[in-house]
Each structure stands twice: as C-alpha cells, then as structure tokens.
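S.K.: Below is the structure I would like to discuss, written out as structure tokens.
The values are calculated or read from the model by the stated rules, or taken from the named source; none is laboratory data. Since this is a predicted model, take the numbers as computed values, not measurements. Note: ideal-geometry Cβ built from the backbone for every residue, glycine included; neighbour counts use all protein chains shown.
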Ligand code: APR
C-alpha cells in the first residue's frame, strides 16, 4: 500500500512540531507548505536529518507551491498570523480570513478528498470560513480545539488529584476561547466523576472552579509566559491525535469544532462538541445531556462564535 500523505499548511511553530510528530509516528510522507520562502524547505531538511537518528522512514519536503499538496490524505492548517499588540480582533480576523481564502482555494484545487484539520485562530470562525472557501464536505473539515482544551483540563485535574493523566478524562464544550465550557460532571478519574471526588474530600468546589478558569485561560497563560508566541507542542499533539483517528479509522471520541446541523440547537455553525472521527471524517456528533449551568455556558459560547461569523461576513461579502 502506498504511504499516506500529510500536508501541513503553515510551517511555523505548530507546523514544524506537527511534521516532527507525524514523522516519528510514521503517519506517512509529509509536505510542509508556507508562503515564506525557504522556511518549509529548511525545516523539511532539518527534520529529514532526524530520520537516521530517530529511526523513522518518512519523506519530508518543503514547498511554496500548492501543487505539491496534491493527493494529500490529511491536511493540517496553521497558516496565519497571531494577534500582536495594538491589533484589534477584527484586524486579525481580516488578515487570517484572507489566509483561509487562499488556503481553501489551494486545497479545493489540489486535494479536495483530504480530511482537513484547522488550527488557525480565531478557531471557530476560521474553520467555518475555511470550509466555505474550500467547498469541501462539512464532515471532512474540522477544527482542533477541544482535544487541546480537554488536555489542559485533564493535566490540571491530574495534578490536583495526584494521579496519572492516563486515568483522567475530561470534557470541554463550546468555542475555543474564554467562553469554552469545561464540563465538570463528565470529567472523571478512572470513571469517578469530579463532583463525587469533591464529596469524597479529594478536592473542593473552589479548587475545581479555579481549575475550570485556568483551563479556559489555558492558551493565554502559555502566551504570557512565552511572550513571543503561543502554545505549539500541545496543539500539535492534539491535531495529530485527530489525524491518527482518521487515518486509522480509529473512531475515537474526540471533542472538535464540528459543523452542527441542529445538534445542541445550533444550525450551520462550527462549535466544539464530542464527535467520532473515523475513515468517514466526522462520523457522528454526540449530543450529551447538559445541566442548566452547562447549557447556559454553551449558549454564551455559541453567541460568541455567531458574533465572530457576523464580523467575518462584514469583512468578506462572499461569505454572507
Ligand atoms: N499561506 C501559508 N502560510 C502562511 C500564510 C499563507 N497565506 N500566511 C502566513 N503563513 C505562515 C507564516 O509564514 C508562518 O510560518 O503561517 C505560519 C504560522 O506560524 P507561526 O507564526 O509560528 O504560528 P503558530 O504558533 O504555528 O500558530 C499558527 O495556530 O494556534 C493557532 O493562534 C495560532 O493562528 C495561529 C496558528
């Protein structure tokens, strides 16, 4: 069987880390694309030279030409710019919307059968726009947010309870931003829900509330420490888990920004919800029962995503 092909659009911090992880896991041959000349070629050369040391077989190439992503099975998009001081959210939206337009057109022309994972922020709006610009089926375009957000939540819960991260599962719904909804009731240590652990005296409501807050600010906390960029190791690892589920038809249940068509009372929006990812792309959207507090939180999050889309449509009338 021919090797799979993974195209990474954007060869910055996340793109480079994605390439390294995909090569180490031998997910397939890797094409790094970027508009910056030399950057994807340089990273591809450097990463190729990890092969003999780490013992992986993957052809890694860098390019500035969309033709080279032809036939990709999976495409992971990190192209764009991060918000800089003095830049409004609309400025950022305008710049990254243009990037999504060129990326969407590049994908449509060269790899329309790919499974596409978007990471570029603001995520819920960018994944929606990328889908619109590419014209790919909705079930083949998803956003990476929930795997990362719940990984952050799980990390903090594991630290709190003094247990292995392997035994923690956690749930985060909604948009990828301050309005995300970490769902405590569905977060467990080896199946024991966090509220029960509080009753057992393993933590307190106040401490869990602080963890929920820290999770929602998870990206911001890393940015304020790094000062020159945003998180890249965990975002890359999260997208690779999604790619593996698709390539291996693993049917993992992963929280992703998925296109909703009536689920959770939402129509034609990308919002973070648990989905099943297999060879068919997003094969199921799982609608879980929410308590009133989580429902209200999710509504705030949905409204924030809607507001972003209104702004996108204002900037690019072809989306209206
Ligand atoms: N086409 C392709 N690549 C582009 C384009 C474009 N139109 N515009 C910019 N890029 C490239 C840049 O040249 C840069 O190499 O995207 C890359 C982005 O890399 P970084 O700035 O290092 O950003 P990174 O940390 O990888 O994050 C990428 O993911 O989590 C989000 O908020 C983050 O939106 C950001 C994205």
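S.K.: Any residue at all in the stretch 55-63 that's loosely packed, with under 14 Cβ neighbours inside 10 Å and in contact with a helix residue (DSSP H, G or I) (Cβ under 8 Å, 6 or more places away or on another chain)?
M.R.: Yes.
S.K.: Do we find a residue being out of contact with any helix residue (DSSP H, G or I) (no Cβ under 6 Å at 6 or more places or on another chain), in a helix (DSSP H, G or I) and at pLDDT 95 or above anywhere in the stretch 246-254?
M.R.: There is at least one residue in the stretch 246-254 that is out of contact with any helix residue (DSSP H, G or I) (no Cβ under 6 Å at 6 or more places or on another chain), in a helix (DSSP H, G or I) and at pLDDT 95 or above.
S.K.: Mind checking which residues of the stretch 39-82 are farther than 23 Å from residue 141 by Cβ, assigned to a loop (DSSP other than H, G, I, E, B) and touching a residue at least 12 places away in the same chain (Cβ under 8 Å)?
M.R.: 50, 56, 57, 58, 59, 64, listed by residue number.
S.K.: For the stretch 109-123, give me the residue count where each residue is at pLDDT 95 or above, part of a helix (DSSP H, G or I) and surrounded by 14 or more Cβ atoms within 10 Å (Cβ to Cβ).
M.R.: Residues meeting the conditions: 1.
Let's see how each residue does on (1) more than 17 Å from the chain's Cα centre (by Cα); (2) within 22 Å of residue 64 (Cα to Cα); (3) away from the ligand (no atom under 14 Å from the Cβ); (4) not in a helix (DSSP H, G or I):
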site: 90; (1), (2), (3), (4): yes, no, yes, no
site: 102; (1), (2), (3), (4): yes, yes, no, no
site: 128; (1), (2), (3), (4): no, no, yes, no
site: 132; (1), (2), (3), (4): yes, no, yes, no
site: 148; (1), (2), (3), (4): no, no, no, no
site: 153; (1), (2), (3), (4): no, no, yes, no
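S.K.: Hey, another quick one. Go through the stretch 218-238 and count every residue that is over 23 Å from residue 19 (Cβ atoms) and surrounded by fewer than 16 Cβ atoms within 10 Å (Cβ to Cβ).
M.R.: Number of matching residues: 5.
S.K.: Moving on. What are the residues in the stretch 1-38 that are more than 16 Å from the ligand (Cβ to nearest atom) and either assigned to a loop (DSSP other than H, G, I, E, B) or modelled with pLDDT under 95 (or both), if any?
M.R.: Hits for the stretch 1-38 are 1, 2, 3, 4, 25, 26, 27, 28.
S.K.: May I ask you to verify whether residue 166 is touching a residue at least 12 places away in the same chain (Cβ under 8 Å) and either more than 16 Å from the ligand (Cβ to nearest atom) or in a helix (DSSP H, G or I) (or both)?
M.R.: no
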